[in-house]
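What follows is a short report on a single structure.
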């Protein structure tokens, strides 16, 4: 008799493998196997990973093994986001070291410590586009890609508070602010979380860096304590925003849960990446339940293979 294997079994297995850590041979073997099953060629040498399909190739540092499944998942989106280098008949995106990458849609060049942030501004602003003079938050600013685009939307009379606790990516956030003279972007070297205090943070410099216990693969040697701010305390310090973009690697439901009493009394528009699972369900599920419970209008959708949730205060 053939046994039926549920998707929850695969999800549980994936979580267990990721919990082994980025350097574990079994995790690395499973990631290589998954890539090849999806039609990718996979090679590694001299501390560098090469992932290729057809005439396109992406290079990553060896330490970025855990982001390979994400690269496979949004492969087309990455190539649509930034311009590759053309070598012969091959289009190559080199993220194996820090670099300056040109974004296709806007033509702007931005520094990244490794794998670039995809251009998701159309998704984040699908329900509301920040207006000149708005105060907005970029929670999970990484190297500052969304901070740059938000700064253009709110203009010199507006402000963008960019929250990024990772040492390496914060340095590139500052570098992009300086490069483009973003005087309306205020960097905040703290993590938005469910409560104010300190938390262990997987500081690996990747787009998947986040608070340990929420991120799927945390290298114990790179975990450091960072300062955290609750939503309400951040508002006390920086003012109540008109709009919040949030990409905090699985902590989003915790942030919203801690913010519920405040959000009920102080309406804020929210755009959240919810392509993360907590207790085997997408974070869009508990977030929708919590926010609709206090009168917000909430919707979720997948755009370019990534799940987003938008929340508008009730009127």
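Just so you know, all these numbers are worked out from the coordinates, no wet-lab data involved. In this text, all values refer to a predicted model and were calculated from it rather than measured experimentally. For neighbour counting, all protein chains shown are included, and Cβ atoms are generated from backbone atoms with ideal geometry for every residue, glycine included.
Among [x] 58, 51, 40; [y] 62, 48, 36; [z] 53, 52, 34, which is the computed Cα extents along the principal axes in Å?
[z]
How long are the semi-axes of the ellipsoid equivalent to the range 256-315, from square roots of 5 times the Cα gyration tensor eigenvalues, in whole Å, largest first?
On the way: eigenvalues 81, 33, 14 Å².
Ellipsoid semi-axes (Å, largest first): 20, 13, 8.
Helix 25-37 sits at what angle to the longest principal axis of the chain, using alpha carbons and giving 0 to 90 degrees rounded to 10?
80
What is the angle, in °, between the Cα long axis of helix 252-265 and the longest principal axis of the Cα atoms in the chain? Nearest 10 is fine, range 0 to 90.
Taking the Cα atoms of the chain, the angle to 252-265 is about 10 degrees.
Using only DSSP helix segments of four residues or longer, with each worth -39500 (n - 2.57), what per-residue ellipticity at 222 nm results for the chain after dividing by its residue count and rounding to 500?
Details: 10 runs with 96 residues, N = 315.
The helix contribution divided over the chain gives -9000 deg cm²/dmol.
Of the DSSP beta bridges with both residues in the chain, give the percent that are antiparallel, rounding to the nearest 5.
Working: 40 of 63 bridges.
Of all bridge pairs located within the chain, approximately 65 percent are antiparallel.
Using the Kirkwood formula over every pair of different C-alpha atoms, what hydrodynamic radius in Å results for the range 61-169?
Numbers: mean 1/r = 0.0659 Å⁻¹.
After inverting the mean inverse Cα-Cα distance, the result is 15.2 Å.
Applying a 10 Å radius around every beta-carbon, put 41-47, 101-107 in order of their mean neighbour count, most first.
The densest-packed peptide leads the list: 101-107, 41-47.
What angle, in degrees between 0 and 90 and rounded to the nearest 10, separates the Cα long axis of helix 7-18 from the longest principal axis of the Cα atoms of the chain?
Roughly 80 degrees between the two axes.
So what are the radius of gyration and Dmax for the Cα set of the range 106-146, in Å?
11.6, 32
Please compute the contact order of the chain in relative form: average sequence separation of alpha-carbon pairs under 8 Å and at least six residues apart, divided by the residue count, as a percent. Could the numbers behind the result be given before it?
Values: 629 pairs, mean separation 40.2, N = 315.
Contact order relative to length: 13 percent.
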